[in-house]
1. Within segment 17-29, which residues are touching a strand residue (DSSP E or B) at 6+ places or on another chain (Cβ under 9 Å) and surrounded by fewer than 10 Cβ atoms within 10 Å (Cβ to Cβ)?
2. On the given criteria, is R49 surrounded by 13 or more Cβ atoms within 10 Å (Cβ to Cβ), free of Cβ contacts under 8 Å to residues at least 24 places away in the same chain and not small (G, A, S)?
3. Could you grab me the full set of residues in segment 5-33 that are in contact with a Ser or Thr (Cβ under 7 Å, 6 or more places away or on another chain) and closer than 12 Å to A51 by Cα?
4. Tell me the residue from E38, E48, E2 that is among the acidic types (D, E) and either assigned to a helix (DSSP H, G or I) or within 10 Å of the chain's Cα centre (by Cα) (or both), please.
5. Condition (residue is aliphatic (A, V, I, L, M), loosely packed, with under 13 Cβ neighbours inside 10 Å and touching a residue at least 12 places away in the same chain (Cβ under 8 Å)) applied to segment 31-43: is it met by at least one residue?
6. Given the condition among the hydroxyl-bearing types (S, T, Y), in a loop (DSSP other than H, G, I, E, B) and without any contact (Cβ under 8 Å) to a residue 60 or more places away in the chain, answer yes or no: does some residue in segment 21-28 qualify?
7. Take segment 11-20 and flag every residue that is farther than 20 Å from G35 by Cα and in a strand (DSSP E or B).
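What follows is calculated from the coordinates using simple rules that are stated; it is not laboratory data. Note that the structure is predicted; figures quoted are calculated from it, not measured. In this analysis, Cβ positions are derived from the backbone assuming ideal geometry, glycine residues included, and neighbour counts consider all displayed protein chains.
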Amino acid sequence: MEHFGAYGVWRQNGRVVAIRKARGPYIGLLDLPGGSPENDETAVDTLERVAC
């Protein structure tokens, strides 16, 4: 099974924003904001959806 994700670098006040993983195999580790695209969703659409 293939997994595709869209991740972006979000800078705020000169710093890179990271999230702490709450589920999956990397619980507790830091990652860039992002997620899995839904059907017919572009990478930009995915980032806009998960940023809200």
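1. First pass over segment 17-29, keeping only residues touching a strand residue (DSSP E or B) at 6+ places or on another chain (Cβ under 9 Å): 17-21, 27-29.
Residues satisfying the conditions are I27, G28.
2. Values: surrounded by 13 or more Cβ atoms within 10 Å (Cβ to Cβ): yes; free of Cβ contacts under 8 Å to residues at least 24 places away in the same chain: yes; not small (G, A, S): yes.
Yes, satisfied.
3. Quick first cut of segment 5-33, residues in contact with a Ser or Thr (Cβ under 7 Å, 6 or more places away or on another chain) only: 5-6.
Answer for segment 5-33, where residues must be in contact with a Ser or Thr (Cβ under 7 Å, 6 or more places away or on another chain) and closer than 12 Å to A51 by Cα: just A6.
4. On the way: E38 fails: either assigned to a helix (DSSP H, G or I) or within 10 Å of the chain's Cα centre (by Cα) (or both); E2 fails: either assigned to a helix (DSSP H, G or I) or within 10 Å of the chain's Cα centre (by Cα) (or both).
None of the other options fit; the residue is E48.
5. At the first step, the residues of segment 31-43 found to be aliphatic (A, V, I, L, M) are 32, 43.
Add one more test, that the residue is loosely packed, with under 13 Cβ neighbours inside 10 Å, and what stays is none.
Within segment 31-43 (the criterion being aliphatic (A, V, I, L, M), loosely packed, with under 13 Cβ neighbours inside 10 Å and touching a residue at least 12 places away in the same chain (Cβ under 8 Å)), the answer is no, since none of the residues qualifies.
6. So the first thing to find is which residues in segment 21-28 are among the hydroxyl-bearing types (S, T, Y), and the list is 26.
If we keep only those that are in a loop (DSSP other than H, G, I, E, B) as well, we get 26.
Then drop every residue that is not without any contact (Cβ under 8 Å) to a residue 60 or more places away in the chain, which leaves 26.
Yes.
7. Of all residues in segment 11-20, those farther than 20 Å from G35 by Cα come to 13-15.
R15 - this is the single residue of segment 11-20 that is farther than 20 Å from G35 by Cα and in a strand (DSSP E or B).
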